[in-house]
Structures are given as C-alpha cells and as structure tokens.
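S.K.: Attaching a single structure in structure tokens format; questions to follow.
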C-alpha cells in the first residue's frame, strides 16, 4: 500500500509490513508526493518585504512616545547634504522632500510594518573610505546615523526613529577574496547572504549560516546582529566563525582586522564586540568568515509527533545517533502547519497524510551518502519502533529537500499574512521550550482576545530545538496596545523566570532595549554603556536602541 | 609478511599484496607493535613543571631591564597582609620572608624556567565573594595583582615581574552544575582541565578543548588565554564554546553571566573580551561551557611522509574524505621525532619502521565505528596509492591510541630537556606553514650557532596543521641573548610578512607584549588600551604584560 502511494509513510500500530519502514531500500526508491513547486515559491524566503510595505505604518515616534529626540543631534541642512554629496560617488545619496517619498519609504519602514522613521536622507557609500568620510563628518556635525543592511531585522533596529541618516550598505557588495585551502572568505559588508552562498557553492563551500531572509539580508547585518538561523546547531555561532572584521568607528577611524587566520591571540578580540552590537559602536564594512566545505550528502526528513515530549526524545536520539552529521533539527506546531497550508502562495500540501500536533524537520549533512542514509534510516526506524514518531517522509532529491524546507521557512511569511504579528524570540532550557507557547495561549484565551472574531487569531510556536530557541508568534488582525500589554512584559518575565534569554537571535533593537534587564544584570548593562561611550562618545550610532536610555 | 609483523605498514612500491593495504579487515585485526607504555609515562603530559623548577632562574626584572616597576603601585605592608588575612578563610595566604621561599618559588617562576618574579604574597580565595573582596581592597590600596591558574603558560603571563600579589585560583575548584540534555557545564575557574574531562567522561561528554598541560592547567586560565589545543579543528575556539563567565572586576564588581544558553543576543557579548584577555581586565571565577557528546568511535593513525607538500595534500584529502569525523591533524618533523625517541622517560619507539621527514597523527571521532573505519581506511588507501604517504599505522585499541598521542604530546617535554627552549607559536597560511622552520634553521646555521658543540642544539617544527598553527622550538644549552637576537624579532617580522599571527594560541604575556604591532594595527592597539582603562582604571591587573607600555 505504501509503495503504491509512492512515499515513505509509517503509522504506528497500522498494519504495515516491516519492509516498508524507514530504511528499507524498497521504499526509499519510491517517489514522494510533495507537489513539485515552481522555484518562484521560494522567493517567499527572501522577498517578504513587498506586500507588507504597501500599508501605511504609523510613525514609531507617535507610538512610542516615551522616546524623545535627542536635542544634541543636529537637524540635517542643505549644507550637510551638499557636503556629503561632495565626498561621495555620484548616485550615493537619496534625499527626499518628505520621509514618505517613495524612494525613502523602504529605508524608513521595517519589514514587519511595525516601525517607521522620519529619515530624509539615505547615504550609500561604495567604499570603506567613503564610509569613513561620512561617519567622521556626521560625528563632527552631531548627525545621528542608522546603519542599515538588507532591512530584514525583526526588532526595529535598522530603521530611523526620528530623522537619523540611514547609512545603507547596499553598494558595498563585492567579494574581496576566497581561499579554497582554508575556506576563508573576505567580502564587503553589503554582500547578500544568498549571493555569497551561490558564490561559494560554485567553489565547493557553503556559508556557516543560513536564514529565511537570506535573499535580502546582508552579511554585515548578519554579523552586526549576530544572526543565528538554521545552521547554528552544526557550525556554531558567528562568534566562532567570523575570522576578522573591518569596522569604521564614528570618528572615521578604520579598524582593519580582516584576518583570515583561524587562530590569533594577540590582544583583546575586538571584533567580538561588534558581533551583535547592532550598529551602535561603528559600521562593519568588511567581513572575513570561515566557510565549511559543502557536504557531499544532504538528507532531509519530516516527521509527525504527538507531543513536545516526543520532540525532545527525538532530539536526544538525534544527538546520540546522528551526532556529527546532524545539521538541523527544526520544530513547529499544528497551528504553524495550518497557517502554512492556508496562506502560502501556492498550496503547500502537508506531505504527511494526517495532521500531527508537532512536526520536526531534520537534516543531515555528511561526506558519505551511504553512511548517512544508514544512520538516518536506523535512527528513524528506532523512533518508530519506540513510538516516538507517528509518521514521516524522507526527501528523495534536491527538489524535495527544498520543498520540505519551504514548509519550515514559509512559517514567518504565513504568520505575517494575518495582518499583524507579534514576534518573540526566546531561548530557554529544552524541557520548557514549548511551555511558553502554551502559557501565552492560555493567558490570551483567558483574557478573551483569541478567536476568529477577536483581535488575536492564533498563537504559534516554532523554532530551532537544537539551539533551545523558540519563535513565539501571535498573529492578530492589527497591532493593538491592549494585546501588547497582555504579552509584554509577560513573555520577558517568563523567560527570566526560566533562565532564558529575551532575545535568542533577533537582538534588542528598539523593541527590546527597555527589557534588557530581564536577561542582563545592572553591572553588565553599566559596563555595556561604558563600552558604548569608548567607541561612540557622541552617541551618534543608532541612537534610542539596544541599551536602555 | 605484514601480518607476521603484526602491524599495518604500507610501503609504496614494495611488493605488497593489495589485501594488506589499509582498510583490509585481514590486516586490521593484526596486533600493533607499539610498546605498551605504563600509564605513568603519560604523566609527562601534565606534570612537566617539576624538574624545570629545580634550577635557579634569573629575575625577569634583571633580564628585561626596559621594564620598570610602576611607582603608582604600593609595596605590600604587614597591614595589607593582616587585612587580607581577616577577609579570607584560614590557609588562603602564603606569605614569604623572601620571594625565594620554597612555598613562593612555584608561584614566582614559570614552567619554562624563563621568567621569575619577586612576589612575596600569594592569595588563594575559596569563593567568588573572597575574590571580590581581595580585588576591591587591592584596587583601593593600589596593589598590583597577577591572576594565576595552573601556571602552565608559555609567555610569562602568569607570574609576577616585581612584587605583584599572585591571586591563585587553586582553591576555586568545584563543578557547579552539569546538564546532560544541553551539555552545558558550569564550574569554578580553578578546576583542572583533566579533572573536568574525567568528570564529563563519566557522564558521556568531553571538554571541547584538550592540550598537553591538561593535568595542571585551569579552565579559568584556558579561557583567560583563549587556549587552542588539539580539538580546535573539530570543536572550534573558546569564543564559540564558552556560554558564559563570572568575572570579578578590579573594583570588586561581580559580572555574573553564567548563562547556559546556546543563544543570547541581549547586548554586547562582554564575556568575549575576557576570553584571551590574560588577566588584564578582571579575574574569571566561573565558567559555563558547552561540552560535546563523547564520540562512540575514535580512530588514530600515524603516517610518515616525504615532505611538507605531502602533508598539505594529506590534509586537503582529510578535509574532503574524513570531513565531519576529522578531529585532529597534527604534524611534526624528523627532528621532533628524534628528540622524543631520545629524551622521553621510557623509550618511545617510532612505530613506523623507517624514519620519515614528516609525521602526521590524525584522529577521527564519530558516532559509528564501522562507518568511521571505512572512511579512514579508504582515505589512507587512496593516500598510499597516490604516493602521498609512505607508511602508516592505525591504533587498534585505547592504549595504542594513547601511545600514538604520546608521541605528539611528548614533544614539548622532550624539547625542554635540552636545557633551554625558545618557543614560538605562529599561525599562518598553510602553504608557508613549514617554511618558517626552514628559514629559521638556515638563519641560525648561517650564523654558526647550531651544532652539538654550539649554543643551539636543534630547530624543531610541529603543530596543528588543521588550524595553520605551527610551534617552532629552538632548543639550546641555555638562554642566550645573542641567540635571542638572531630569532627575535626575525620570527615576528616573518609572521607579519606572510600575514600570520605572532601568537596563534599562547597569547602575548610578557614575552610578546612589545611585538603586538606585528599583528595588530595602531588604531586596534589604541582601542585595546582604552578598553583596558574602562575595566581597570588603576592598571592593577597583571601589569607590564599583554599591551605595550
């Protein structure tokens, strides 16, 4: 029966001949009934800024009235514009009559359509030297600056609040060098992550990070926000894989440290401070990064499970049995799955026949296909035998791999289709990973705000189980102050109570700056402020964000 | 014939039946003729401070006369001692009549017998609170402090120069907690690396770092010096695996950030500054670190090669074919091998029949023994076929694994037996990895200082090929100013010329502080000094070291 359905399916307790289990060669050759989606579908991974920006977003300054414009900053004058024009290549400035000019709007508004600044000037330098000149001038003239990469941030860190100048890395987009022996890649900060992945793909390497926004986000922004993403489980964080940085400080000083060495113990590792500093210390203009060899063999499986308990057991088994080849272990709940089914551009059918309370996508990457298949099959077979998973499919080719991944990667976009989405990004110990979703769901239900005719349409949980990193999304018809109050600071208090972090990978930006105290002690925040002052004594870099005022 | 010799041996061009190649089951079951060394031999990995300290070492202050005692620091008085005694548990102070007192000498002298300070007081706190009280008092009284872990450093960073107080982490030695689900270990800074390895071994995990000094070095010292070692190739640097730190600042402030989370993007990652800061910013009292699962299968092979060209080819092949299971790729030259043969406690025979210009020890660690064996055998067989390696053995059991490793790990001790050893620790691009040894050898030979009846007895190269990290050791009858002048700054200039680092993993300490400019630009060093001032405005922490005066 299974063979006739041309897929790998396992149902616990069903009358399934043993041969049809995962790992049986007879079944593995069978085809796979995922719809073969056209490539355009995967544009949803990247281009998610388009329709969100059709809406008019209220000004951040009107919503968050506790933030006041710093009177130490000067307003931009024609003289400033004239001077900046004189030091930059032609076409590097975008100046608007109003912040709502079509050319300026994409730089003033974040992807989530939640934050909108009043910037009137966008500067797009083409070289590190130009960045240096711009910053030195802005520092001298006390003009505030917001560094912006691909503008795919989720915490309002990359757009102005008032009239800050947007310094975009759009035109800093060259690969400087790649060494296939060491795997070190040196490139401009404005290179798009996916372009780098493609560049490396042709050379037998991959980037050590991957994330949904890869088609738009810049490597400089990734580093500045210490982006995590889908490969962290395997290749570790950017604190480990970034080999060197070139950074321009507010006074125009260029810290040139584009080392390609794997080891260098000569002095404080200054680059580490910039990784995750969200543009508050200086502007990253160049990145040197260690890139892994492209794996010869990649397998992706999707399984359905009854409870988060079962997800945990499956993860522990994966760590034990897939160990060095495990490269992703992503989980989402039934609500997330339903949203994806109903909201994505093309209908994306659940490749598992039944609906399950939880789904796990797991990926292996290794050097020997046969060995990896054997490890994966015996692992999955064991999970079935032990009743840990209820159903599952394994992708049979590269297209099916993309299709399975798209089920996971479409979740953020599907969430955003509801109208508004409250996004939280918490890391915590694995045993309480999903409890936050249950607790928030219960809290909102009790408050009577959840339902088809209510403000909140759903409460969704998904994320990187392997990193203890949950994304809690609350979908709503629109952003609403009452709903916000029900969720915040509740989720931050919750994270603190369970020794979690209020921001696993999204950063602090504007959204979480006031809440840093839930994750960091007063002495820690005090030291951060002192470090900020060392690098940026006039406070021109990305003001109002990151650290509490 | 090979089977009769009970070992795996492959000689290119010899009439060897194909079945006897690596990978043949018939050969692999054969025994292995390495002498089965008693476990005590491996004490050489750890206890290497003993006989070196029998010698009288000149005072650092008498040798490096350009370093002057900072007059801002007070001398220690009886009143200071009385106060410190009053705030600490009994038995926490060691006070000497003279710095040469037997109790003080081990704290005043480094392992290499190269540096000797004039400290009269050693403080050994038992709790973080005690460390805080001590530092706050020293800061207020302007008493300089040298943090000291296991005192296994190689650049004179852990011993006093003048009369600095030694703050030893010897008595901060408790494991605080271990979570087998996440693999996070939280412990005191004074825990000995090997004790932690043993603790974890019983719980199915390993430390993400391993180094020759593991029997003496403290995890706090490892973090403070950003120790690299033998597992970096696989598990990355401490910048990636340290999850959190507890640090006491000079003013007594405790920065408590012992997070066990894999991801936490809330503010500047301050812990990164302390990783590799060599005790100049504060004292690490607690460490939270991510520990990998203990691999189910470990293989170790030793191969002989004709040239460093062949070593490079073997490494590239290993990255391609062993990929995710490769956990070490160590290389040493004929000179290193000869020293080990002649100088180690028990005779350690070369398990390869002939002498080879180069040796590589490679290790695989994985979850499936059968798969790993197959990968390793087919890789080695290919290397033989291609004439890249000339001979090789694979360890057949845990004892043989230790024996092969001891050939590599005995090199530093064997070098030190000559009398004096000039140690350099350079990282550089792989193609020039061994060229430095050749160049230094030629330079010293031309100067006529090498030979049995000369000052320099040998020039030796070994190191971590996988990390581009060479250890150049020049063995000599004693330390000699003329020889030093021939080597320094020559090696640092050499490293700078080839875009290398003058300190890959040993740090700067006293030895390399003046040379940081070869690896870091002036603006970088300037920013480091400003950061130092933020944390330690009175400069009491480990003075005269790390940054140039």
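The values are calculated or read from the model by the stated rules, or taken from the named source; none is laboratory data. As the structure is a prediction and not an experimental result, all values here were calculated from the model. In this analysis, Cβ positions are derived from the backbone assuming ideal geometry, glycine residues included, and neighbour counts consider all displayed protein chains.
S.K.: Determine which single condition residue A:188 fails, assuming it passes every other condition in (1) within 17 Å of residue A:247 (Cβ to Cβ); (2) surrounded by 24 or more Cβ atoms within 10 Å (Cβ to Cβ).
M.R.: If we test residue A:188 against (1) within 17 Å of residue A:247 (Cβ to Cβ); (2) surrounded by 24 or more Cβ atoms within 10 Å (Cβ to Cβ), just (2) comes out false.
S.K.: Could you pull out the residue among A:219, A:289 that is closer than 24 Å to residue B:499 by Cβ and under 17 Å from the mean Cα position of the chain (by Cα)?
M.R.: None of the other options fit; the residue is A:219.
S.K.: Then there's this: State whether one or more residues within segment B:132-150 are part of a loop (DSSP other than H, G, I, E, B) and within 23 Å of the chain's Cα centre (by Cα).
M.R.: Yes, segment B:132-150 has at least one match.
S.K.: Using the structure shown, decide if residue A:483 is in contact with a strand residue (DSSP E or B) (Cβ under 9 Å, 6 or more places away or on another chain), more than 10 Å from chain B (Cβ to nearest Cβ), at pLDDT 95 or above and surrounded by fewer than 24 Cβ atoms within 10 Å (Cβ to Cβ).
M.R.: yes
S.K.: For residue A:212, work out the one condition from (1) within 14 Å of chain B (Cβ to nearest Cβ); (2) surrounded by fewer than 22 Cβ atoms within 10 Å (Cβ to Cβ); (3) in contact with a helix residue (DSSP H, G or I) (Cβ under 9 Å, 6 or more places away or on another chain) it doesn't fulfil.
M.R.: Exception for residue A:212: condition (1).
S.K.: Give me the residue from segment B:486-502 that is touching a strand residue (DSSP E or B) at 6+ places or on another chain (Cβ under 9 Å) and closer than 26 Å to residue B:160 by Cβ and, out of that set, farthest from the other protein chains (Cβ to nearest Cβ).
M.R.: B:487
S.K.: Follow-up question, since we're still on this one. Taking segment B:226-259 only, how many residues are part of a loop (DSSP other than H, G, I, E, B), over 25 Å from residue A:280 (Cα atoms) and more than 7 Å from chain A (Cβ to nearest Cβ)?
M.R.: Looking only at that region, the number is 7.
S.K.: Considering segment B:515-543 alone, what residues qualify as being under 25 Å from residue A:260 (Cβ atoms) and assigned to a helix (DSSP H, G or I)?
M.R.: B:515, B:516, B:517, B:518, B:522, B:523, B:524, B:525, B:526, B:527, B:528, B:531
S.K.: Tally time: how many residues in segment A:260-299 are part of a helix (DSSP H, G or I), surrounded by 24 or more Cβ atoms within 10 Å (Cβ to Cβ) and facing another protein chain (nearest Cβ under 7 Å)?
M.R.: The total comes to 1.
S.K.: From the list B:324, B:309, B:363, B:370, exactly one residue is within 14 Å of chain A (Cβ to nearest Cβ), modelled with pLDDT of 95 or more, buried (at least 22 other Cβ atoms within 10 Å of the Cβ) and in a helix (DSSP H, G or I). Which is it?
M.R.: Testing whether each residue is within 14 Å of chain A (Cβ to nearest Cβ), modelled with pLDDT of 95 or more, buried (at least 22 other Cβ atoms within 10 Å of the Cβ) and in a helix (DSSP H, G or I) leaves just B:324.
S.K.: Moving on to the next point. Test residue A:469 against the criterion of being crowded, with 17+ Cβ neighbours inside 10 Å, touching a residue at least 60 places away in the same chain (Cβ under 8 Å) and within 14 Å of chain B (Cβ to nearest Cβ), and give yes or no.
M.R.: The answer is yes for residue A:469.
S.K.: While we're here: Could you list, in sequence order, all residues of segment A:503-526 that are buried (at least 23 other Cβ atoms within 10 Å of the Cβ) and within 7 Å of chain B (Cβ to nearest Cβ)?
M.R.: Hits for segment A:503-526 are A:503, A:504, A:505, A:506, A:507, A:508, A:519, A:520.
S.K.: Do we have any residue at all in segment B:184-207 that's touching a helix residue (DSSP H, G or I) at 6+ places or on another chain (Cβ under 9 Å), away from every other protein chain (no Cβ under 13 Å) and within 22 Å of residue A:275 (Cα to Cα)?
M.R.: No, segment B:184-207 contains no residue that is touching a helix residue (DSSP H, G or I) at 6+ places or on another chain (Cβ under 9 Å), away from every other protein chain (no Cβ under 13 Å) and within 22 Å of residue A:275 (Cα to Cα).
S.K.: Please pick out the residue among A:131, A:161 that is surrounded by 24 or more Cβ atoms within 10 Å (Cβ to Cβ), under 14 Å from residue A:84 (Cβ atoms) and touching a residue at least 40 places away in the same chain (Cβ under 8 Å).
M.R.: A:131
S.K.: Using the structure shown, decide if residue B:54 is more than 30 Å from residue B:133 (Cβ to Cβ) and at pLDDT below 75.
M.R.: Answer is yes for this residue.
S.K.: Would you point out which residue out of B:116, B:124 is within 22 Å of the chain's Cα centre (by Cα) and buried (at least 22 other Cβ atoms within 10 Å of the Cβ)?
M.R.: Answer to the selection: B:116.
S.K.: (1) without any contact (Cβ under 8 Å) to a residue 40 or more places away in the chain; (2) within 14 Å of another protein chain (Cβ to nearest Cβ); (3) over 19 Å from residue A:115 (Cα atoms): which one isn't true of residue A:454, the others all being true?
M.R.: Condition (2) is where residue A:454 drops out.
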